[in-house]
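Reading through the structure tokens given below for one structure.
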Amino acid sequence: MVVNWNRRELLKRALQSLQEQTIAAEIIVVDNGSTDNSPGLAEQFPEVKWILNTRNHGFCAANNQGIQLAAGKFVALLNNDAEAKPEWLEALLACFSHDDTGMAASKILVWEEPSIIDKVGHLIYPDGQNRGRGTGQRDSGQYDREEEVLWPDGCAAMYRKAMLDEIGAFDEDLFAYGDDAELGLRARIAGWHCIYSPQAVVLHHRGSTLGKRSIRRLALIERNRVLLAVRHFPWSLLALNKYYYFLRLFSGAIAASKGEGETALFPGISGKLRLLAGLLRGDLEAILMLPKTLYKRATSKVPKRLSAKEVKALIRSNTISLEELHTKAALR
């Protein structure tokens with residue numbers, strides 16, 4: 001399944017890669033009101049099922065539309081700016097040998113430089129910020145074994161439909177960014193596991209959705225990391241959120257002074273002010289959404305098979321270091 005918004009040429013390549021898979025699969029495209037004639041590709045891909053929205057409903061809502069339409073026991077997501085190797089679907093499907101495996105993660109490499117890792121699963125920082133595991137590292141075989149990871153990146157992932165039926169799909173209030181983390185953590189708390197397959201290889205054009213320097217992108221990431229923590233973190237960890245947040249900001253400022261990290265994408269005083277404005281906008285939006293998020297937390301019917309102590313242990317064992325968060329994990 002592919003969600004698309006105004007990326008006709010990239011979408012075409014993504015669909016071509018799905019046509020070349022070693023196993024047959026239903027292909028669904030959810031177009032979020034594109035104005036670049038992306039739906040015109042239907043003539044070139046007659047086997048594809050299309051859902052045509054009249055406006056951009058966001059990544060989460062569009063994925064949920066596709067999940068509802070999908071007929072199989074498993075649903076795979078592929079970004080419109082990603083291209084899957086022929087064995088991708090087959091390798092992901094092989095991860096589900098145990099009934100408690102609900103998610104499968106891909107080996108995502110940078111399209112522009114395939115020797116560099118984009119993501120091989122996810123890690124998280126204790127304030128709710130999450131980044132790809134291995135991001136920015138040169139691929140030298142260090143992630144070439146199948147293993148359990150925290151959750152998959154939504155760019156290229158597979159989910160068991162039975163798991164989604166139990167815990168729900170994407171939280172549409174998040175719109176985009178961090179949505180895969182919220183779903184992944186919700187699934188882990190419910191007792192589901194995620195397996196990473198190094199054979200499930202995807203090449204990803206990084207930052208093409210809103211752009212690496214988009215302030216809106218930054219605001220969504222900041223807003224959604226707060227909402228994730230409020231909804232799912234144990235209260236004892238949530239109480240330390242400001243401490244971890246300011247520690248991360250301080251570390252980011254040091255990295256920026258060295259020209260490193262994601263803050264380097266916003267050079268000069270004006271750039272740093274734009275970055276700060278994006279963070280503040282995200283925090284303000286999160287504050288406005290807190291009542292609804294707390295209500296979701298209090299009324300959730302999703303089973304919680306992990307105790308608060310086990311959730312903290314899960315986060316601790318998959319914590320990304322500040323160094324990796326600001327340097328190796330920088331989006332360049």
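The values are calculated or read from the model by the stated rules, or taken from the named source; none is laboratory data. What you see is a predicted model, and the numbers here were worked out from it, not measured in a lab. With ideal geometry, Cβ positions are generated from the backbone for all residues, glycine too; neighbour counts draw on all protein chains shown.
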Determine which single condition I215 fails, assuming it passes every other condition in (1) modelled with pLDDT under 95; (2) more than 22 Å from the chain's Cα centre (by Cα). (2)
Condition first: part of a strand (DSSP E or B) and either within 21 Å of A229 (Cβ to Cβ) or of a type outside the set (A, V, I, L, M, F, W, C) (or both). Now tell me which residues in the range 115-129 satisfy that. S115, D118, K119, H122, L123, I124
Of those in the range 130-177 that are in contact (Cβ under 8 Å) with a residue 40 or more places away in the chain, assigned to a loop (DSSP other than H, G, I, E, B) and hydroxyl-bearing (S, T, Y), the residue nearest to R225 (Cα to Cα) is Y177
Determine if the range 79-89 includes at least one residue that is under 21 Å from the mean Cα position of the chain (by Cα) and of a type in the set (G, A, S). yes
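One line per residue, one yes/no per condition, for (1) surrounded by fewer than 23 Cβ atoms within 10 Å (Cβ to Cβ); (2) in contact with a Lys or Arg (Cβ under 8 Å, 6 or more places away or on another chain):
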site	(1), (2)
D153	no, yes
Y159	no, no
I167	yes, yes
A187	no, no
Y196	no, yes
V202	no, yes
V226	no, no
